[in-house]
Amino acid sequence: MGKGKRLLLLGVYGMEVVECGGALAKNVQNGGESFASMMLCRETSQPQVTKAAEVLGVKMHFTNFQSGHVDTSVESKKKLVKVIREIKPDIIITQDPDHSFHDLDPDRRPAMILILEAIALASRDFALEDMPDLKPHPIPTIYYMTPHHPNTVVDISSVWDKKEKAMDVLESQMEFSGQHFERALDATAAEVLVPGFSKLGSHYEKGRAVHRALDKAVHVYHGLATHGHFALAEAFRREGNFHLQELVE
């Protein structure tokens, strides 16, 4: 991804800022600026997501769309176009279209269309009269996060601790996950994944413990486990071809 870029994550719910937080934090570590804008993060969760972003060095913004009402109307497009033109990113990270199609979280699919339309419109003469101080911004390089078929991995070993600390503060998400894992896993399986799971005292602790195990497994898989060069890596899929002056190692 290079050094010292302006990165913008266009997310839907909020936890995405941690899911691709390694790349965002690494960019800040390398002298760049990382931003995140969330569409449907609940008002009660916004302080936690903001705190997680602060741990990663990410500047957070919320567009406050209404759950179940995400559409591709002109007004919806303007909201995201304004964010893109204000931040002027070199790179946009957003959800994977294939993943969003199969994900049964509500609003994932219309959000995906809306995000891609906004990226395209931000580069053209769309709604300039409504944003007289903002010029069109060329379409940035796009990376899809947590894709089914990645073609890029980013070494996040040096910022792993920050990513884990950022996940720690997502208390409502961890509590929700703890309740889910308690229902979804039988006692034996839970103990295999997290020894001592049944003795953990709260849903937050259970959710965080399972996420910690899953996070390490996923990032090792995309790093060292698949004949990779990195201990821990985040996976992405770049939209389009890599354009190189010459072949690189």
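The values are calculated or read from the model by the stated rules, or taken from the named source; none is laboratory data. Nothing here was measured: the structure is a model prediction, and the numbers come from that model. FYI the Cβ positions are ideal-geometry reconstructions off the backbone, even for glycines, and counts take in every protein chain you see.
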Counting only residues that are surrounded by fewer than 19 Cβ atoms within 10 Å (Cβ to Cβ) and in a strand (DSSP E or B), how many does segment 30-60 have?
-> 2
Among the residues of segment 9-22, is there at least one that is touching a Ser or Thr at 6+ places or on another chain (Cβ under 6 Å), buried (at least 24 other Cβ atoms within 10 Å of the Cβ), under 13 Å from residue 234 (Cβ atoms) and of a type in the set (A, V, I, L, M)?
-> no
Within segment 169-180, the count of residues that are closer than 16 Å to residue 201 by Cα, under 22 Å from the mean Cα position of the chain (by Cα) and either at pLDDT below 95 or not aliphatic (A, V, I, L, M) (or both) comes to 7
Qualifying residue in segment 111-130 (condition: part of a loop (DSSP other than H, G, I, E, B), over 25 Å from residue 66 (Cα atoms) and touching a strand residue (DSSP E or B) at 6+ places or on another chain (Cβ under 7 Å)) | no
Pick from segment 202-233, criterion at pLDDT below 95 and not in a helix (DSSP H, G or I), ranking: farthest from the chain's Cα centre (by Cα) = 227
Might you check whether a residue that is touching a Pro at 6+ places or on another chain (Cβ under 9 Å) and part of a helix (DSSP H, G or I) occurs anywhere in segment 171-189?
-> no
